[in-house]
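Engineer: Can you keep this structure in mind? I'll have questions shortly.
The values are calculated or read from the model by the stated rules, or taken from the named source; none is laboratory data. Values in this document were obtained by computation on a predicted structure and should not be read as measured data. For neighbour counting, all protein chains shown are included, and Cβ atoms are generated from backbone atoms with ideal geometry for every residue, glycine included. Ligands, DNA and RNA are excluded from the accessible area calculation, which covers all protein heavy atoms including side chains. Shrake-Rupley method; radii C 1.70, N 1.55, O 1.52, S 1.80 Å.
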Amino acid sequence: MKTSIQFRLNDEEVATFADSGSNLLDVLREGIGDLSVKGGCWQGTCGTCTVLVDGMPRLSCVTLAESCEGKSIETVAGLRQGAKLHPLQTAFMERFAAQCGYCTPGMLMAAKALLDREPNPTRENVVDAICGNICRCTGYEPIIAAVLDAARAAPRRS
Amino acid sequence: MLEMRKDIFADERADNLKEVGQPTQRQDMLGHVTGTSAYYDDHRFANLLHLKILRSPHAHARIRSIDDAAASRAPGVKRIIRAADVPVNLNTLLSLIQFGKDDEPSLATDVVRYKGEPILGVVATSERAAREALELVRISYDPLPAVFDVEEALKPGAVSVNPVYPKNTFEYHGKYDHQKLRFGAVEQAFAQADFVSEERYQMSPIEHAPTETNGSIAVPDTNGRFTVYTSTQALFFSLDTSAKINAMPSNQLHFIGGTVGGGFGGKVDTLTEPLAILAARLTGAPVRYRLSRHEEMQFGSPRGAERIYVKDGVMRDGRIVARQVRAYFDAGAYTRLSSYAVVKCVAHIPGPYTIPNVHADVFCVFTNRTPATAMRGFGVTALDFALECQMDKDAVAIGMDPLEFRLLNAYRDGDMKAHRREAKNCALIECAQVAAEKANWPLRDEFRKMSSKKDGGAERAGVADRTRMSTPAAPVRTGTSAPQRVTYERPAGSTSPPPIQSTPPATPPAGSTHGVRRFSSVFGTRRR
């Protein structure tokens, strides 16, 4: 039984049909075709598939797609504005904060959720924000440094 | 963070490095931060089919019967793949370099030898349909006794794990059941050592757990070939292995990879490609075979567990005079790369230290555990852990600073290694000195002034002198009963020279070759 699902993805209205009970990860990758979202465990433990749902970080592999009806989803595919990289992306590049790159999309989205709500995070805030995202290349220190750099680089919101 | 120390061996480096030591951006970084790097699973194909594998729930069992009739009729199922469908259903990875015998089936035939071993595949229109069909397969097993301990596996009458190696040991050069290293006379040296310590080290298997699990997609091409998108770390290794198992010329396979979501050694085993290709051949459709996280943890080969016994003979003045290592590599049920790990391990013994008497026996042992494979320095890493723990214990036993103890025994240019090769390009002393400086670890003057280029060879490690002891024989003691800090007290602020009577004279003996082997190249003078 297919069901229709419609939501905003990176500020665009999108719609698809999916098997009832599908998870958001499969709907984004297979239904919509946003391959920037990666699957790592399909059981909600590694953080690789992290996307933002109405600004909150969510594990898309254990998020029911139908529960996202009408909501706003953000993935790393929508992070850059045209040719201009998001400060987080620039900082990740400069800080060598990616090795194999597979956890990077989830890491970036978890970091974006933090910076969106806390523009001046402490190191503890950053560690807390990415504590659900596993990086097996174990590049946590450069990642933390990159997020702090991005916070400093971003235009301050009062 | 990166610091170039050109002052070290400065006389040997005329070249001015342009790239080394300079930050350089990775060519794939932009793709990584924008989510556009294409991993194997980021390729899309119409009518993609999915392969899922039925795995053994037993560590060791005989398969009595398989009933897949209901599964083959399940919704969405396109094809069942059985052991008999695999063209060459016995392989070993290193057969590509003529090392070892074919010992592992792609799909088990009559016996399963570890929990998670593949038995049968289902190709279906979705992963879910394939999983549901697997639930309908009925297999009847006769459980067999299993062995999980490397030393148990070597006892007479132990369960035989792998029929290709019935004695549970890999066979080197067609006849040897383990790898040996013999240098000097350890027993004699132990008898004369001031202290003898013996310890047992046991490692655990370690799963690489890359965030991207192992997987591949095999796509029939228009010209009879197959294009294979894969997570492999070893593209040509996987291509040749797939060609062998599928009994097809390798020029019918086009492998595309290189963007790997973490590997660390866990993606060199060609776990998925051969069956994905077989499934694509049998169905004529693109087929994806992707491991679930559970499969990655259970079936994906780990770093093998190792059991290592180290026995050292140490003099009061700090010299290690003998080292004996007995180690067992747990290969699991099939060889994969463990045979090679053992070779690496033996090549690394006795560590970066000049020891005149060395004796090692290292075994590659089969047990009913998940087959082990490569992982970050496998064969060497665990051994180093054991040896460096032992070094600390030795240092404590004779009351010597652990870093100075290492500096004293470190290889120097001209020393004779246990493998009967002269030590060259030694730099442990210099590395340890810099590390000590960075860590504010106090080294006394004599140790700060030590050099890899001075005082090597000769009495220190010459083969002719290897059993000579410069101190009188002392009663052999065990590590546990040894009194600590007997002769090597280190009074605070003391600058008196350490009791190293045995270090050779500063002048190298006639015929010493260090320096001789250095040569100029277009890059300047290098140490070789």
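Engineer: Want the number for B:R444 to B:L30: 0.36 nm per residue separation, take away the alpha-carbon distance, what's left?
Structural biologist: Residue separation times 0.36 nm, minus the Cα-Cα distance, leaves 144.2 nm.
Engineer: Within chain A, what's the longest run with no trypsin sites (Lys or Arg not before Pro) in a DSSP loop and at most 11 other beta-carbon atoms within 10 Å? Give the range, please.
Structural biologist: A:1-155
Engineer: Give the cross-link partners of B:K393 among the lysines, using a straight C-alpha distance below 24 Å as the criterion and excluding same-chain residues fewer than 8 apart.
Structural biologist: Partners found: B:K311, B:K417, B:K438.
Engineer: Right, here's the next one. Evaluate peptide A:99-110: per residue, the Cβ atoms of other protein chains within 10 Å of its Cβ; return the mean as an integer. Please list the in-between numbers first.
Structural biologist: On the way: counts 5, 13, 17, 11, 6, 9, 6, 2, 1, 4, 1, 0.
Going residue by residue through A:99-110 and averaging, the value is 6.
Engineer: Another question about this same structure. Under a 5 Å amide H to amide H cut-off, with H placed in plane at 1.01 Å, what residues pair with B:T169 once short-range neighbours are removed?
Structural biologist: Close amide H contacts, sequence-distant or interchain: B:F366.
Engineer: Also, I was wondering about something else. Other chains' Cβ within 10 Å of B:24-33 residues: what's the mean?
Structural biologist: 6
Engineer: Now for a different question. If you take the beta carbon distance between A:T45 and B:K454 as r and set R0 to 51 Å, what does 1/(1 + (r/R0)^6) give as a FRET efficiency, to the nearest 0.05? Don't jump to the answer; show the numbers that get you there.
Structural biologist: Numbers: r = 54 Å, r/R0 = 1.06.
Rounded to the nearest 0.05, the efficiency is 0.40.
Engineer: Can you show me the helix-derived [θ] at 222 nm for the protein assembly as shown, built from DSSP H runs with n ≥ 4 at -39,500 (n - 2.57) apiece and divided by the number of residues, rounded to the nearest 500.
Structural biologist: One gets -6000 deg cm²/dmol as the mean residue ellipticity at 222 nm.
Engineer: So, one more: Report the calculated FRET efficiency for B:E19 and B:N425 (r = Cβ-Cβ distance, R0 = 22 Å), to the nearest 0.05.
Structural biologist: Details: r = 21 Å, r/R0 = 0.95.
Approximately 0.55, to the nearest 0.05.
Engineer: Round to the nearest 0.05 the FRET efficiency obtained for A:E118 and B:V396 when R0 = 60 Å and r is the Cβ-Cβ distance. Mind showing how you got there, number by number?
Structural biologist: Working: r = 48 Å, r/R0 = 0.80.
After rounding, the FRET efficiency stands at 0.80.
Engineer: Counting only other chains, what is the mean number of Cβ atoms within 10 angstrom of the Cβ of each residue in peptide B:256-262?
Structural biologist: The mean count of partner-chain Cβ atoms within 10 Å per residue comes to 4.
Engineer: Here's another thing I want to ask about it. Given springs between every Cα pair under 10 Å in a Gaussian network model of chain A, which of A:T45, A:T138, A:T75 has the largest fluctuation?
Structural biologist: Checking each option, the largest mean-square fluctuation is seen for A:T138.
Engineer: Near the amide H of B:L49, under 5 Å away, which other amide H atoms are found, from residues 5 or more places off or on another chain, if H is placed in the peptide plane?
Structural biologist: Placed amide hydrogens put B:V287, B:R288 under 5 Å from B:L49.
Engineer: How many nm is it between the label spots at B:L282 and B:A185, if each spot is 7 Å from the Cα in line with the beta carbon?
Structural biologist: 6.3 nm
Engineer: How many nm is it between the label spots at A:D19 and A:K84, if each spot is 7 Å from the Cα in line with the beta carbon?
Structural biologist: The answer from the label model is 4.3 nm.
Engineer: Through the Karplus equation 6.51 cos²θ - 1.76 cosθ + 1.60, θ set to phi - 60°, convert the phi angles of the range B:27-39 into ³J(HN,Hα) values in whole Hz; use x for Gly and Pro.
Structural biologist: In residue order, the calculated couplings are 6, 9, 5, 4, x, 5, 7, 9, x, 10, 4, 8, 7 Hz.
Engineer: While we're here: Rounded to the nearest 10 Å², what accessible area does B:T222 show when all protein chains are kept and the probe is 1.4 Å?
Structural biologist: Rounded to the nearest 10, the figure is 140 Å².
Engineer: Quick check: from the Cα gyration tensor, does chain B come out rounded (a/c under 1.5), prolate or oblate?
Structural biologist: prolate
Engineer: Let me ask something else. Using the Karplus curve 6.51 cos²θ - 1.76 cosθ + 1.60 with θ = phi - 60°, work out ³J(HN,Hα) for each residue of the range B:363-380 in order, rounded to whole Hz, and write x for Gly and Pro.
Structural biologist: Once θ is set to phi - 60°, the couplings for the range B:363-380 become 10, 9, 10, 8, 9, 8, 9, 4, x, 9, 8, 5, 6, 5, x, 3, x, 9 Hz.
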